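Each reported figure results from applying straightforward, stated rules to the coordinates on display, with no laboratory input. Model, not experiment: these values are computed from the prediction. Here Cβ is always computed from backbone atoms with ideal geometry, including for glycine, and neighbour counts include all displayed protein chains.
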Amino acid sequence: MELSQGLRLKGRWELIAPLGEGACASVWTIRDTRAPGGVADDDATLVAKLSRLPPPGAKKGGKKKSEAERVADALFWEHQLYACHLRGLEEASARGGGGAVVPKVPAGAYGEEHGWRFLVMERLGHDLTCELALHGGAGGAGLAPARAAALARAALRALAALHQRNVLFVDVKPENFCLAAPARSGSAAAASGAALPALRLIDFGVAELYMLGGRHKAFKSGAAGCAGTPAYCSLAAHGGDAVSRRDDIEVRLVHARLVGGGRKGLGGGDGVRTRSASSPSARCVARRLRRALGQF
């Protein structure tokens with residue numbers, strides 16, 4: 001069955017409109033038909049990620065999974081992380097009172113129906129790529145250093161919260177950092193404008209655990225593929241090393257883009273070039289950001 005407006009999942013989650021299409025999932029705004037009252041479609045506070053399941057009877061397992069199996073399994077893994085490892089990080093009291101770092105996932109948010117696997121979560125605001133487009137300077141210039149540094153600090157704190165839960169984010173890039181949910185139309189916050197909200201991390205489909213059975217996973221060098229998005233991977237990941245906490249915290253790669261404008265990571269272009277070949281101007285941007293971050 002194809003996705004369409006009005007389709008209900010498990011008799012509860014009703015699709016409203018598509019928000020976007022990614023490599024692993026479609027994203028739709030939805031409404032909870034069991035919730036009291038209601039909201040206008042434009043003020044929907046929930047979204048669903050949906051991945052098409054492999055056709056019934058399709059061969060499973062084997063030496064190599066099909067693309068459909070891999071995509072559907074990534075959404076199942078994301079559900080497992082929210083349920084078992086990220087619980088509590090969606091609360092305002094997370095990180096010792098520093099604020100939530102992942103979206104809220106309601107009870108009954110995961111399931112399969114109509115040939116789709118789905119995961120329901122809180123609707124967030126725009127990502128950091130949109131932040132650059134909205135608040136960057138004229139002529140393709142980046143964000144003001146103070147604003148970019150504030151976002152970098154928020155991102156580092158969010159990643160630290162994940163690491164305390166034994167989770168490596170892996171796919172660190174601007175599109176996977178979102179601001180808090182936008183204010184509803186007509187609200188006081190929408191009318192007056194809100195302060196810069198905290199960041200939330202999204203898309204845990206390639207996230208990993210670095211502890212297994214109470215022991216740190218063995219580190220493999222030069223044998224692994226480049227996990228995550230090549231344009232934002234660390235030098236070690238480009239060299240084939242297994243991902244680690246070190247690679248997650250190289251987020252200055254992401255935020256150098258916010259300061260320096262529209263370049264894709266310090267490698268530039270489509271990510272084929274590694275960071276070791278980054279331009280002097282990009283390295284200068286990274287130095288400016290390190291100074292802006294100060295003691296953090």
Inset, instruction - Multiply the residue gap between Ala107 and Phe219 by 0.36 nm, knock off their C-alpha separation, and tell me the result in nm, one decimal place. - result: 36.7 nm
Inset, instruction - Treat the count of other C-beta atoms within 10 Å as a stand-in for reagent exposure and order Lys173, Lys104 from fewest to most. - result: Lys104, Lys173
Inset, instruction - Given a cut-off of 25 Å, name the pairs among Lys64/Lys220; Lys65/Lys220; Lys10/Lys65; Lys104/Lys217; Lys104/Lys220; Lys49/Lys173 whose C-alpha atoms lie farther apart than that in the structure shown. - result: Lys10/Lys65; Lys104/Lys217; Lys104/Lys220
Inset, instruction - Pop the C-beta distance of Ala133 and Met211 into the FRET formula with R0 = 45 Å and round what comes out to the nearest 0.05. - result: 0.75
Inset, instruction - Could you compute the FRET efficiency for Arg34 and Arg245, with r as their C-beta to C-beta distance and R0 at 35 Å, rounded to 0.05? - result: 0.30
